[in-house]
Amino acid sequence: MAEPIGTNLPPLKIGRHVARLPIIQGGMGIKVSGARLAGAVAREGAVGVIAAVALGLSSPYYKKKSDYFNANKLALADEIAMARQTAPDGIIGVNCMVAITDHEAMVRTAAENGADLIISGAGLPLNLPVYTRDHPDCALLPIVSSEKAARLICRRWEHTHGRLPDALVVEDPNTAGGHLGVRRQELGNPDYDLERVVPEIVAYLAEEGFDIPVLSAGGIWDRSDIDHQFALGARGVQMATRFICTHECDADDAFKAQYLKRKPSDVVIVDSPAGLPGRAVSSAFVERLHGHGKVEMQCFANCLRKCICRDEKETFCIAHALNQAQHGNVQDGLFFTGTNLYRSEQIVSVHEILTELCAPRG
Ligand SMILES: Cc1cc2nc3c(=O)[nH]c(=O)nc-3n(C[C@H](O)[C@H](O)[C@H](O)COP(=O)(O)O)c2cc1C
């Protein structure tokens, strides 16, 4: 392996783990971030994250609909083991959204298979500590978009579980990719900007005397963005869109090609069947969806706890659309992205990105 990446950024302590580089690669569902990407990031000294949702679909364990939940568990165990092989001493996390039907099973599987940390948003992860009780080394990181949510989780966890989160990921719905933690009509509201929310949460935690690192997510691309978040009080950042156009990203090359040389106006909002807005690349699929053309609506996986497609026969099947994208189907795929889409110019390596982001600066 190449020389370790030098940096003058401070290390990031999360629970019992210390990342030499204070960067978390954000989880990207339906195997956009699997073992290959997460392992490569962790090997460099940052935190690699495998997204748990629908991981089984591209595994040998999935042969028919009824295999879905079992295949997800088996595939997650395999992906953690593979990432660990790439980065034996690295920090490997798993992203388990609250909104998925098998949230509890995937959190338990992650902890049982040695995940160093679990990141959980798209809902309030109020029971995370119950599912990981037997794994005290597994750090827990809820994702929030407001001080109110941070306060609620800290209070509830302290009262109900006698513990606090090991870090809080603060995600800005106005810039982040994938499912966004606010209602569609709230998008664009500056109250959710990291500028505002990060200092508010840092102040709240200080007031309570809680030593919990705050990690900023959404719209972070280069070193000046990282330095800015540190100045706001963050102790690390979570970045996803930047890691899509890498050799190591687990999705098909045709998936990655959708993110190259795009314009800011190529980013659109779709109403996900989860009842949340999602940020995505404009595509043939989105055009059909918004033009009331034909999109796949047959629920095959029962992947979401609450699903407008399954329950009200509206919108589209998100597992199908995201899985098609991951396999490079440009016609039928839904490609999630953050607002930084337009900044990807070529496919590079994880090592190149992290070297550029972390190189010592005066
Ligand atoms: C393709 C894609 C898939 C994503 N999937 C998930 C997911 O499964 N779970 C989750 O909590 N967040 C998901 N996200 C959000 C990211 O983890 C991250 O927090 C966010 O995109 C950060 O903003 P950035 O992309 O501007 O760096 C996804 C984002 C993208 C772009």
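Only the coordinates and a few stated rules stand behind these numbers; no lab work does. The structure displayed is predicted, hence computed values, not measured ones.
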Expected output is a single nm value to one decimal: the length gained when fully extending between ASN189 and LEU152, i.e. 0.36 nm times separation in residues minus the C-alpha distance. What is it? 11.2 nm
Which far-off residues, 5 or more places away or on another chain, put their amide H under 5 Å from the one on VAL53, with H placed in the peptide plane? ILE30, MET97
Any chance you could run the full-extension gain for ARG163 through GLU356? It's 0.36 nm times the residue separation minus the Cα-Cα distance, nm to one decimal. 65.8 nm
What list of ³J(HN,Hα) values in whole Hz, one per residue of the range 138-152 in order, does the Karplus curve 6.51 cos²θ - 1.76 cosθ + 1.60 (θ = phi - 60°) give from phi, with Gly and Pro shown as x? 7, 6, 10, 10, x, 9, 10, 10, 8, 5, 4, 5, 4, 4, 4
Please give every one of the lysines within straight-line cross-link reach of LYS313, meaning a C-alpha to C-alpha distance under 21 Å, and leave out same-chain neighbours fewer than 8 residues apart. LYS65, LYS294
Rh (Kirkwood, all Cα-Cα pairs) for the range 130-256, Å, reads 15.8 Å
Normalised alpha carbon radius of gyration of the range 1-104 [divisor 2.2 N^0.38 Å]: 1.14
Could you grab the relative contact order for the range 72-165? Cα pairs under 8 Å, six or more apart, rounded to a whole percent. 24 percent
When only Cα pairs under 8 Å and 6 or more residues apart are kept, what is the percent relative contact order across the chain? 18 percent
Restricting to Cα pairs under 8 Å and 6 or more apart, the percent relative contact order of the range 297-340 works out to 26 percent
Given the convex hull of the Cα atoms of the range 255-339, what is a quarter of its surface area in nm²? 5.3 nm²
Can you classify the chain as rounded, prolate or oblate using the Cα gyration tensor, where a ≥ b ≥ c are the square roots of its eigenvalues, rounded means a/c under 1.5, and otherwise it's prolate if a/b beats b/c and oblate if not? rounded
Please list, in order along the range 176-182, the HN-Hα scalar couplings obtained from phi with the Karplus expression 6.51 cos²θ - 1.76 cosθ + 1.60 (θ = phi - 60°), rounded to whole Hz, x for Gly and Pro. 5, x, x, 5, 10, x, 9
Taking 0.36 nm per intervening residue step and subtracting the Cα-Cα distance, what contour gain separates ARG343 from ASP89 on full extension? 88.3 nm
